[in-house]
Amino acid sequence: MKGVYTVLLLVLSNIFMTFAWYGHLKLQQAKIISNWPLIGVIVLSWGIALFEYCAQVPANRIGFAGNGGPFSLMQLKILQEVITLTVFVLFSLTFFKNEPLQWNHGVACLCMVLAVYFVFMK
C-alpha cells in the first residue's frame, strides 16, 4: 500500500504545484489578478505551494526504500517527473486550450514513459 499512497500523494502534490506555477497565468488571463504586483502573485503561488510540500514530503518519506517504502531514490524522481508531466498536460488541455499538443510533445511524453520503464527494470 505504501506504493499506492506514494503515487496518490505525488499526484496531489503535482496538482498543487501546477496551480502554483501556472495557475496565476490563467488567473491573469481571466483578469482576476491582472492588476496585482508581482510580489502578490509570488505570495499567492507560495501559499499554494505550501500544500504541494505538505503532500510531496510525505510521499517521498513513505515511498523511499530507505524508510521501508518500495521505491529507490531514482525511481521516486522519475515517477514524480512523469506524474508532473501528466498533470501538466491535463492542466494545459483544460485551462489553456489555445496551446495545442503537437507530435513532438507526444514523443517527449513517450520518452518519459520509457524512462519509467528503464528505471524500474531489474
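The values are calculated or read from the model by the stated rules, or taken from the named source; none is laboratory data. Everything numeric here is computed off the predicted structure, so don't read it as measured data. Here the Cβ is made from the backbone with ideal geometry for all residues, glycine too, and neighbour counts use every protein chain on show. Areas reflect the complete protein model, heavy atoms only, side chains present, ligands, DNA and RNA absent. Shrake-Rupley method; radii C 1.70, N 1.55, O 1.52, S 1.80 Å.
Does the range 102-121 contain any residue that is in a loop (DSSP other than H, G, I, E, B) and over 20 Å from Met1 (Cβ atoms)?
yes
Per-residue answers, yes or no, for (1) modelled with pLDDT of 90 or more; (2) over 11 Å from the mean Cα position of the chain (by Cα):
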{"residue": "Trp21", "(1), (2)": "yes, no"}
{"residue": "Leu27", "(1), (2)": "yes, yes"}
{"residue": "Gly47", "(1), (2)": "yes, yes"}
{"residue": "Gly68", "(1), (2)": "yes, yes"}
{"residue": "Leu76", "(1), (2)": "yes, yes"}
{"residue": "Val89", "(1), (2)": "no, no"}
{"residue": "Leu93", "(1), (2)": "no, yes"}
{"residue": "Asn104", "(1), (2)": "yes, yes"}
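Surrounded by 17 or more Cβ atoms within 10 Å (Cβ to Cβ), aromatic (Phe, Trp, Tyr), closer than 17 Å to Thr84 by Cα and under 16 Å from the mean Cα position of the chain (by Cα): is that true of Phe51 in this structure?
no
Could you list, ordered by first residue, the pairs with Cβ atoms under 8 Å in which the first is in the range 37-57 and on the phi > 0 side of the Ramachandran plot and the second is among the charged types (D, E, K, R) and surrounded by fewer than 16 Cβ atoms within 10 Å (Cβ to Cβ), at least 6 apart or interchain?
That search, which allows pairs on different chains as well, returns nothing.
Can you pull out the residues in the range 6-39 that are of a type in the set (Val, Ile, Thr) and open to solvent by 80 Å² or more (accessible area, probe 1.4 Å)?
Ile32, Ile39
How many residues are open to solvent by less than 40 Å² (accessible area, probe 1.4 Å), in contact with a strand residue (DSSP E or B) (Cβ under 9 Å, 6 or more places away or on another chain) and outside any helix (DSSP H, G or I) when one looks only at the range 54-71?
1
Under 6 Å between Cβ atoms, which residue pairs at least 6 apart in sequence (or on different chains) link something in the range 72-93 that is loosely packed, with under 15 Cβ neighbours inside 10 Å with a partner that is at pLDDT below 90?
Met74/Val119
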